[in-house]
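K.L.:
After the structure tokens below, expect a handful of questions from me.
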Amino acid sequence: MITCLIVDDEPFSVEALKSYALRIPFLEVVLATTSAVEAAILIQKQNIVLVFSDIHMPELSGLELVKLIQGKSKVIFATAYSDYALDGYQNDVIDYLMKPISFEKFLKAAQKAEKLIELERNQIGNKVTGKSSNTNNEDFIFVKTEHKGKYIKIKFEDILMIEGSGNYVTIYTLQQEKIIVLLTFKYLEDHLPQTQFIRTHKSYIVAFKAISGLDGNTVILGDLSVPIGVTYRENILNHFSGKMI
């Protein structure tokens, strides 16, 4: 999870960005405020990993806030002014969102931040443990469901297949559950172990152990079946080539 803070002197903007952040599974909103001073104080006291900040604010400007926190948090600017984009990037701001901000643009910026933060965390962990990058011993994921505030732990071994549709995915489990999650298909694909799952189609990922057969351009999963896309067929056949008699 990435702890985040939202600060904007306009209450409407604060609520809009907060509602976006609450829809993203890997974000945890610690504070949403109209006071840049309150934001700065909290950042010094708590581990706030990511900050969404306006630039023009009466107490502290967004640029002043960035300089004050001295890299303690990553920052994404959300503003109606384009004049400060260069200043933002010179201060290592991750992204620069122009108002009005759609959920799609907000999500893309958050995912960009998540990848950068995860990379840095892995680098720090590798230095401490001596492990190589891409080492991941976790065997589960926590996902935010369609029900507000509800998270579910899903073990990789329990996943049968995954179906993507826009910004949602449906996770089918061996327990015959269908769990709908607000998450992009690409994000979930990047976080699944490649040794256990394979993409068969632009909208489907299946667990290797659940595959019971292949039938033309179809993967058989017991009583279920999913299509094999043209661009994924060769990869699937290569995986099973050594086992075909």
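K.L.:
Over all alpha-carbon pairs in the range 4-52, figure out the percentage whose distance exceeds 17 Å.
P.N.:
27 percent
K.L.:
Rolling a 1.4 Å sphere over the protein heavy atoms, what is the accessible area per residue of the range 157-245, to the nearest Å²?
P.N.:
Here the per-residue accessible area is 58 Å².
K.L.:
How large is ³J(HN,Hα) for each residue in the range 12-17, as worked out from phi by the Karplus curve 6.51 cos²θ - 1.76 cosθ + 1.60 (θ = phi - 60°), to whole Hz, x for Gly and Pro?
P.N.:
Taking θ as phi minus 60°, the curve returns 4, 5, 4, 5, 5, 5 Hz for the range 12-17.
K.L.:
For the pairs LYS105/LYS144; LYS67/LYS108; LYS18/LYS209; LYS155/LYS202; LYS18/LYS72, flag any whose C-alpha to C-alpha distance is greater than 29 Å.
P.N.:
Where the Cα-Cα span goes over 29 Å, the pairs concerned are LYS18/LYS209.
K.L.:
Now for a separate question. Short version: what are the Cα gyration tensor semi-axes of the range 163-231, square root of 5 times each eigenvalue, largest first, in whole Å?
P.N.:
They are 19, 14, 12 Å, listed from largest to smallest.
The values are calculated or read from the model by the stated rules, or taken from the named source; none is laboratory data. Predicted model, so just to flag it, every value in this text is computed and none were measured. All accessible areas refer to the heavy atoms of the entire protein, side chains included, with ligands and DNA or RNA removed. Shrake-Rupley method; radii C 1.70, N 1.55, O 1.52, S 1.80 Å.
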